């Protein structure tokens, strides 16, 4: 029998963010809950885990608005692992509220977790464990391109009471090399703390990633195309963004009015000065992707179309109406990026919404798989490209994403015409619609298929992760450990084998597996 090439394998997996993992400390972290999830993926015959951006989140707690394009999220550092490394003791864990195991309450959580991390840092300063100290020094050296700027930026935010950098003292808003050096020395302990929490995050994440690899699981990461104005990236590299002399953006990102919004979407991120990036051969972007691919095996790039053209809105506008399309760096950018990775760049292009032939050409020239969302297929009862009979092999089929309602929630709110099309297209009664969608995704020709964990659990809208355009109550959903059960794993493994998405068909009848899931 002819051996399959790597690219011939069909894969399936689950989308869930680490903050959603179960655990006793108010938020999912990189401890036991994360390892149990990897065990579940293996038992279920899945080979992919997709998470949201892993960055250090700012106001609003959105993974898509971070203080750095490089730094990891300290809130998902596991206290239990810190105890294992003798950086905390059980006595160091202060009393905490009775956390809601189904929901992250970020306000008290941030206060609680920060106190723990600062205690761990105090203990680290006097640790006798030489290997930890050596690892820390190596980490700082290996990441000297971004870590000092991030650590100083976060330190100066503390000094200025958490204000955005555009409201800092002028000396620190536009610091010279000498001012930075003096500040690193003056605030050495706080800078060291922020370097420490990034070292701890990286160490815990790499241990989890190694465990995933040992169990045949690849991790798909996610990066937003744009960065936050209040970020170390903009503060330290003002020349790479379209800013005025005071440091404020001259234009910001968003999307124009469309069928879904009469005023468009005003995201507010500063836009890149692509000419400046080109002059340095896209060094910052290459560093960003290089670092992220030390954390994950593939990357989804959010708003991929922005590389071809982006909607530029004058700063200060209240809506996105008065923006205009500006050509992006296009082929020149992606050619430089792919050459930096020897022609092999494991990217998923988020190509949702209104996509032009030029965007499709950019995606297809570099062989990036695009995204197909099953919920979108039935929002429009007419024939459309999100229906599986139009798929090509080089794409990723999702039942839904973090921005969609759960499939059950979507179906319950869909029009009677859409519900009818679902039932006729899939020859089902709609009573188990989340699993009907998962089965349809599995059976498609798409090389990769992914489904939110909420759909695996068959949850209604109460399990939704994010509602775009709202600022409250997002990014908070969590599940409990007992929701990952053997019956669900068996049925997932059955479906994966049935549709050629794992190597061995399990010795379990479909009827028995379905009964286990329904129970």
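The values are calculated or read from the model by the stated rules, or taken from the named source; none is laboratory data. This structure is a prediction, so every number in the text was calculated from the model and none was measured. Methodologically, a virtual Cβ is constructed for each residue, glycine included, from the backbone with ideal geometry; neighbour enumeration extends over all protein chains shown.
For the stretch 457-480, check the following and say yes or no: at least one residue is out of contact with any strand residue (DSSP E or B) (no Cβ under 7 Å at 6 or more places or on another chain), crowded, with 18+ Cβ neighbours inside 10 Å and in a helix (DSSP H, G or I).
no
Would you pick out the residues in the stretch 273-299 that are over 15 Å from residue 223 (Cα atoms) and in contact (Cβ under 8 Å) with a residue 40 or more places away in the chain? Explain how you work it out, then say what you get.
Going residue by residue through the stretch 273-299, those that are over 15 Å from residue 223 (Cα atoms) are 273-283.
Answer for the stretch 273-299, where residues must be over 15 Å from residue 223 (Cα atoms) and in contact (Cβ under 8 Å) with a residue 40 or more places away in the chain: 274, 277, 278, 281, 282.
Name the helices (runs of 4 or more DSSP H) wholly within the stretch 307-423 that hold at least 1 residues that are free of Cβ contacts under 8 Å to residues at least 60 places away in the same chain, more than 24 Å from the chain's Cα centre (by Cα) and closer than 30 Å to residue 453 by Cβ?
Working: elements: 330-340, 357-365, 374-379, 407-413.
The helices (runs of 4 or more DSSP H) meeting that bar are 374-379, 407-413.
Taking the stretch 357-373, which residues are within 26 Å of residue 425 (Cβ to Cβ) and in contact with a strand residue (DSSP E or B) (Cβ under 7 Å, 6 or more places away or on another chain)? Write out each step before concluding.
So in the stretch 357-373, the residues within 26 Å of residue 425 (Cβ to Cβ) come out as 360, 369-373.
Across the stretch 357-373, the qualifying residues are 369, 370, 371, 372, 373.
Test residue 355 against the stated conditions and say whether it is surrounded by fewer than 21 Cβ atoms within 10 Å (Cβ to Cβ) and at pLDDT below 95. Walk me through it before giving the result.
Details: surrounded by fewer than 21 Cβ atoms within 10 Å (Cβ to Cβ): yes; at pLDDT below 95: yes.
Yes: the conditions hold for residue 355.
Could you tell me whether residue 214 is free of Cβ contacts under 8 Å to residues at least 12 places away in the same chain and out of contact with any strand residue (DSSP E or B) (no Cβ under 9 Å at 6 or more places or on another chain)?
Details: free of Cβ contacts under 8 Å to residues at least 12 places away in the same chain: yes; out of contact with any strand residue (DSSP E or B) (no Cβ under 9 Å at 6 or more places or on another chain): yes.
Judged against the criteria, residue 214 is a match.
If residue 70 satisfies every condition in (1) outside any loop (DSSP other than H, G, I, E, B); (2) more than 25 Å from residue 448 (Cβ to Cβ); (3) at pLDDT 95 or above but one, which is the exception?
Here residue 70 meets the rest and fails (1).
Across the stretch 101-113, what is the total count of residues that are without any contact (Cβ under 8 Å) to a residue 40 or more places away in the chain and more than 16 Å from residue 77 (Cα to Cα)?
Keep residues of the stretch 101-113 that are without any contact (Cβ under 8 Å) to a residue 40 or more places away in the chain, which gives 107, 110-111.
In the following step, the residues that additionally are more than 16 Å from residue 77 (Cα to Cα) were identified as 107.
Number of matching residues: 1.
Would you point out which residue out of 205, 267 is modelled with pLDDT under 95 and under 20 Å from the mean Cα position of the chain (by Cα)? Don't jump to the end; show me each part of the working.
On the way: 205 fails: modelled with pLDDT under 95.
Going through 205, 267 in turn, just one is modelled with pLDDT under 95 and under 20 Å from the mean Cα position of the chain (by Cα): 267.
Has the stretch 178-199 got at least one residue that is modelled with pLDDT of 95 or more, touching a strand residue (DSSP E or B) at 6+ places or on another chain (Cβ under 7 Å), crowded, with 19+ Cβ neighbours inside 10 Å and assigned to a helix (DSSP H, G or I)? Please lay out each step first, then the result.
Step one: of the stretch 178-199, the residues modelled with pLDDT of 95 or more are 178-199.
After this cut, where a residue has to be touching a strand residue (DSSP E or B) at 6+ places or on another chain (Cβ under 7 Å) as well, the list is 198.
Filter again for crowded, with 19+ Cβ neighbours inside 10 Å, leaving 198.
Keeping just the survivors that are assigned to a helix (DSSP H, G or I) gives 198.
Looking through the stretch 178-199, at least one residue is modelled with pLDDT of 95 or more, touching a strand residue (DSSP E or B) at 6+ places or on another chain (Cβ under 7 Å), crowded, with 19+ Cβ neighbours inside 10 Å and assigned to a helix (DSSP H, G or I).
Give the number of residues within the stretch 1-29 that are part of a loop (DSSP other than H, G, I, E, B), under 24 Å from residue 45 (Cβ atoms) and modelled with pLDDT of 65 or more. Steps first, please.
Start the filter on the stretch 1-29 by keeping residues that are part of a loop (DSSP other than H, G, I, E, B), which leaves 1-5, 9-10, 16-17, 21-29.
With under 24 Å from residue 45 (Cβ atoms) added as a condition, the list becomes 1-5, 9-10, 16-17, 21-22, 28.
Narrowing further to those that are modelled with pLDDT of 65 or more: 9-10, 16-17, 21-22, 28.
Of the residues in the stretch 1-29, 7 are part of a loop (DSSP other than H, G, I, E, B), under 24 Å from residue 45 (Cβ atoms) and modelled with pLDDT of 65 or more.
Within the stretch 424-445, can you find the residues that are outside any helix (DSSP H, G or I), in contact (Cβ under 8 Å) with a residue 12 or more places away in the chain and over 19 Å from residue 500 (Cβ atoms)?
Initial filter on the stretch 424-445 (outside any helix (DSSP H, G or I)): 427-432, 444-445.
Checking the rest, the ones that are also in contact (Cβ under 8 Å) with a residue 12 or more places away in the chain come to 430, 432, 444-445.
Passing the criteria: 430, 432.
Report the residue count in the stretch 137-148 for those that are surrounded by fewer than 20 Cβ atoms within 10 Å (Cβ to Cβ) and either at positive phi or assigned to a helix (DSSP H, G or I) (or both).
Within the stretch 137-148, residues that are surrounded by fewer than 20 Cβ atoms within 10 Å (Cβ to Cβ) and either at positive phi or assigned to a helix (DSSP H, G or I) (or both) number 7.
Does residue 120 satisfy the criteria of being farther than 26 Å from residue 78 by Cα, part of a helix (DSSP H, G or I) and touching a helix residue (DSSP H, G or I) at 6+ places or on another chain (Cβ under 9 Å)?
Working: farther than 26 Å from residue 78 by Cα: no; part of a helix (DSSP H, G or I): yes; touching a helix residue (DSSP H, G or I) at 6+ places or on another chain (Cβ under 9 Å): yes.
When the stated conditions are applied, residue 120 does not pass them.
I'm checking my understanding of the structure. Among residues of the stretch 243-256 that are crowded, with 17+ Cβ neighbours inside 10 Å and not in a strand (DSSP E or B), which one is nearest to the chain's Cα centre (by Cα)?
Quick first cut of the stretch 243-256, residues crowded, with 17+ Cβ neighbours inside 10 Å only: 243, 247, 249, 251-256.
Still in the list and also not in a strand (DSSP E or B): 247, 256.
On the way: 247: 28, 256: 24 Å.
Looking at residues that are crowded, with 17+ Cβ neighbours inside 10 Å and not in a strand (DSSP E or B), I get 256.
Answer with yes or no whether residue 451 is in a strand (DSSP E or B), touching a residue at least 60 places away in the same chain (Cβ under 8 Å) and either touching a helix residue (DSSP H, G or I) at 6+ places or on another chain (Cβ under 8 Å) or crowded, with 21+ Cβ neighbours inside 10 Å (or both).
Details: in a strand (DSSP E or B): yes; touching a residue at least 60 places away in the same chain (Cβ under 8 Å): yes; either touching a helix residue (DSSP H, G or I) at 6+ places or on another chain (Cβ under 8 Å) or crowded, with 21+ Cβ neighbours inside 10 Å (or both): yes.
Yes.
Hey, residue 211 hits all of (1) surrounded by fewer than 16 Cβ atoms within 10 Å (Cβ to Cβ); (2) closer than 19 Å to residue 230 by Cβ; (3) in contact with a helix residue (DSSP H, G or I) (Cβ under 7 Å, 6 or more places away or on another chain) but one; which does it fall short on?
Exception for residue 211: condition (2).
If the requirement is being more than 15 Å from residue 495 (Cβ to Cβ), surrounded by fewer than 18 Cβ atoms within 10 Å (Cβ to Cβ), modelled with pLDDT of 95 or more and in contact with a helix residue (DSSP H, G or I) (Cβ under 7 Å, 6 or more places away or on another chain), which of these qualifies: 405, 420, 429? Step through it out loud before you land on a result.
On the way: 405 fails: surrounded by fewer than 18 Cβ atoms within 10 Å (Cβ to Cβ); 420 fails: in contact with a helix residue (DSSP H, G or I) (Cβ under 7 Å, 6 or more places away or on another chain).
Going through 405, 420, 429 in turn, the sole match is 429.
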